[in-house]
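Comments concern the structure below.
The values are calculated or read from the model by the stated rules, or taken from the named source; none is laboratory data. Please read all numbers here as calculations on a predicted model, not as lab measurements. Note: ideal-geometry Cβ built from the backbone for every residue, glycine included; neighbour counts use all protein chains shown. Areas reflect the complete protein model, heavy atoms only, side chains present, ligands, DNA and RNA absent. Shrake-Rupley method; radii C 1.70, N 1.55, O 1.52, S 1.80 Å.
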Amino acid sequence: MDFTQLAQARHSANNFDPDMHITERQLKVIFDTVKLAPSAFNLQPATFQVVMNDQQKKDALQRASGGQYKVGAASAVVVVTTNTEAYKETARLNAGAVMLGIMSEQELDDMVATTAHYYEDQGQAFQQFDAVRNASLFAMQFMLAAKNEGWDTCPVSYDDAIVRETLQLAPTEQVVFMLVLGKEKTTHPRMRGYRKPFSEMVKIY
Ligand SMILES: Cc1cc2nc3c(=O)[nH]c(=O)nc-3n(C[C@H](O)[C@H](O)[C@H](O)COP(=O)(O)O)c2cc1C
């Protein structure tokens, strides 16, 4: 599939085949593409919590979705969370570059100081906003990468407190998306919804 075909083929699936299972190996192929998504300072704040084997957790997440049938029928429920303090990972994430001689110790120290100032000076609300926008790019990349591997997805709304409790999230982890993944039964595909025209969506100056 070229990119346009892929973007056209991805849609929010409704009706998953409950007998389809995804393997860890298949997930790894998808995530090899997901990890290429961009993020500010390359901080990669998104984590994907994939619930597919633990029926109790899957049931709880279905409850969190308001009981949507598709959550129970999907092969996996994928909760995308984001680390609102990802800037504190700067040293760890760039240690490899220092080891390889791509970056000096001094450059790493400067980078740690720069990211700390950037986020701490702008405060908690900005840190949360930035964490969410970065993780959203990973979530979109996930839906496209999954489709490219023959899997269908749908974002689903959720009760934040139930998701947090089910996955025992740390206070610094914020839930950004809950997605379901599976193979859509092609008998009743969901119709593509209305899209705003170019003239309404795009302003050219
Ligand atoms: C944040 C978010 C929450 C959504 N919640 C639900 C949901 O709870 N149930 C559902 O069936 N679809 C849900 N959707 C899917 C949207 O309805 C869908 O993306 C939109 O109608 C456009 O259709 P398409 O994805 O097929 O292009 C959600 C989408 C987003 C981005």
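Can you confirm whether ALA139 is under 17 Å from VAL29 (Cα atoms), out of contact with any helix residue (DSSP H, G or I) (no Cβ under 8 Å at 6 or more places or on another chain) and not charged (D, E, K, R)?
Yes, satisfied.
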TODO: Look at LYS147 and say whether it is among the basic types (Lys, Arg), within 16 Å of the ligand (Cβ to nearest atom) and either assigned to a strand (DSSP E or B) or closer than 30 Å to GLN62 by Cβ (or both).
DONE: yes
TODO: Tell me which residues, restricted to the stretch 15-29, are among the charged types (D, E, K, R) and surrounded by 13 or more Cβ atoms within 10 Å (Cβ to Cβ).
DONE: ASP17
TODO: May I ask you to list the residues in the stretch 153-205 that are open to solvent by 40 Å² or more (accessible area, probe 1.4 Å) and assigned to a helix (DSSP H, G or I)?
DONE: ASP160, ALA161, ILE162, ARG164, GLU165, PHE198, SER199, GLU200, MET201
Open item on the list: Against the conditions (1) assigned to a helix (DSSP H, G or I); (2) free of Cβ contacts under 8 Å to residues at least 40 places away in the same chain; (3) in contact with a strand residue (DSSP E or B) (Cβ under 9 Å, 6 or more places away or on another chain), where does LEU61 fall short? Just the number, please.
Closed with: (2)
TODO: Enumerate the pairs (first residue in the stretch 123-143 and under 19 Å from ALA9 (Cα atoms) and touching a residue at least 40 places away in the same chain (Cβ under 8 Å); second residue anywhere and open to solvent by 20 Å² or more (accessible area, probe 1.4 Å) and part of a helix (DSSP H, G or I)) with beta-carbon separation below 7 Å, excluding pairs fewer than 6 apart on the same chain, so at least 6 apart or on different chains.
DONE: GLN141/THR33
